[in-house]
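The values are calculated or read from the model by the stated rules, or taken from the named source; none is laboratory data. Since we're looking at a predicted model, the values are computed, not measured. Glycine gets a Cβ as well: all are built from the backbone with ideal geometry, and neighbour counts include every protein chain shown. Just so you know, the surface numbers come from the protein's heavy atoms only, side chains and all, with ligands and any DNA or RNA stripped out. Shrake-Rupley method; radii C 1.70, N 1.55, O 1.52, S 1.80 Å.
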Amino acid sequence: MMKGTFYRRDCKNYFDLIYTDIFRDKIFISQDTRDEGNETEANRMSKLRRTRKKVTKQHLFSTEVGEMDISNSKDNTRDGTQLPTTPHISSRMKHIKQEMVKNHLQFVRFEATDLHGVSRSKSIPAHFFQEKVIHGVCMPRGYLELIPNPKDDEVDHIRATCFNSDIVLMPELSTFRVLPWAERTARVICDTFTVTGEPLLTSPRYIAKRQLSQLQDSGFSLLSAFIYDFCIFAVPEIINSKTISFPASTLLNNHDQPFIQELVDGLYHTGANVESFSSSTRPGQMEICFLPEFGISAADNAFTLRTGVKEVARKYNYIASFFIETGFCNSGILSHSLWDVDGKENMFCSSSGIEELTITGKKWLAGLLKHSAALSCLMAPAVSCRKRYSKESKDLKDSVPTTWGYNDNSCAFNIKCHGEKGTRIENKLGSATANPYLVLAATVAAGLDGLQSSDGVLVGPDDSTDLYQSKPSEIPLKLEDALVALEEDQCLRQALGETFIRYFVAMKKYELENEETDAERNKFLEYFI
């Protein structure tokens, strides 16, 4: 109870600061021009006290009851979302005000990721922003937890009593950015809560932050970056009653510099630093690499790209898509390295200068190998994604071995020791359609298990490349088998949460039972573009 008391006191300070700021600075983007002559100071203070009392009972943060409910649930893991300190709030709100005035902003998008990694948002007029920072923005829960085109008989077996209720989007102020590709509009990435104040246990961003918190508790931090393939198509044309999108030129980056320049420059201004971009292996396919960052920022950057590239492409009469057609593969690679908690030492790099993984790195890799079957379910979450796993094999198999190697781009886990970035592991199980927050969370969970357990794994000395497994790991080629592997993986079930696993598996089983027909393909593709 004492913990809850201090927690509420911190929340009260948070609300005090915001409300004081609101009433102290009534004129915010010329919004408060009403005559308040008839309202006395006593009335205003009375209203303020009533509003504060109402807010502290609302959904923003967990009460003692909420905390007890979470601690007693099967998802007994630490919440990675921390209450910002009041100086940070004051500084950020001041900066946001300046940005809104400077850019004459009219709208702010409150964005959250659904299970597919697609942005779901609500836009509000800019002059309501401070109010929504306090109260949040409500959204139907089903927007984030289910597939894009619901059917009448949709996954009834996972419906809960509160399934059709609203959830609340609470902005993380550090992610506020003016969107260069949207006129007079900013965005802020949100964490999601139930109306009673508990974090939404199916929220991919919440799950990722929770795993990063577990990693920090173990004395480590993660430096990571995503490398994405995506396709650029011309405007669809109707040919013989079929809608066809032709790929743009393979040399797009040389022939349409304005498109690429606007995309890269726009990403930079949203805080997502692009290290390189290039044409990829197929017509209309491009690759974009981000600079590595610590913590949740890597997934936030990927999330920003997934929406930004579509919006910029449409300005140039292109269509950008991460969706994988038959025989077409867009990869989503997570390049990452493990550092000490202060971010000063790469734990994968050998102090002797040998370009090989340290013992810590080998244990982390062993965890990835051990859980590769379940990881593949989250990282290649569609039937067409999984064809890339067997591209080198003509034999009809149910699974393929999980491969790893040094500087070998054909492996599922490619260890790179060269370059200025130091030793890092590229997790190449992922496709571009995978949710970046889930990719990050699952990778951390598997790696942590490797660090904390030597079950079935023996690593050689620091100067050896040896890594032995008592049971060789396999990657299922069928999504159905991967779902079984995910359900049976106790480590990932505990790390990601029983509630999330239940919803994710149910969603994927529904998709398998209702695979889109050719007539529906463009509708399904539209969801991902």
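At-a-glance table
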{"quantity": "Net charge contributed by nearby residues that have their C-beta within less than 14 Å of V137 (K/R +1, D/E -1)", "calculated": "+1"}
{"quantity": "Carbon and sulfur %, accessible surface of segment 187-236 computed with the full protein complex present, 1.4 Å", "calculated": "60"}
{"quantity": "With DNA, RNA and ligands ignored, accessible area of D408 (1.4 Å probe; Å², nearest 10)", "calculated": "60"}
{"quantity": "Net charge of neighbours whose Cβ lies under 9 Å from the Cβ of R109, counting Lys and Arg as +1 and Asp and Glu as -1", "calculated": "+1"}
{"quantity": "Potential lengthening between S410 and V341 on full extension [0.36 nm per residue; Cα-Cα distance subtracted]", "calculated": "21.7 nm"}
{"quantity": "Principal axis dimensions, largest first and in whole angstrom, of segment 161-214 by Cα", "calculated": "40, 31, 15"}
{"quantity": "Accessible area per residue, Å², segment 347-444 with all protein chains present, probe 1.4 Å", "calculated": "37"}
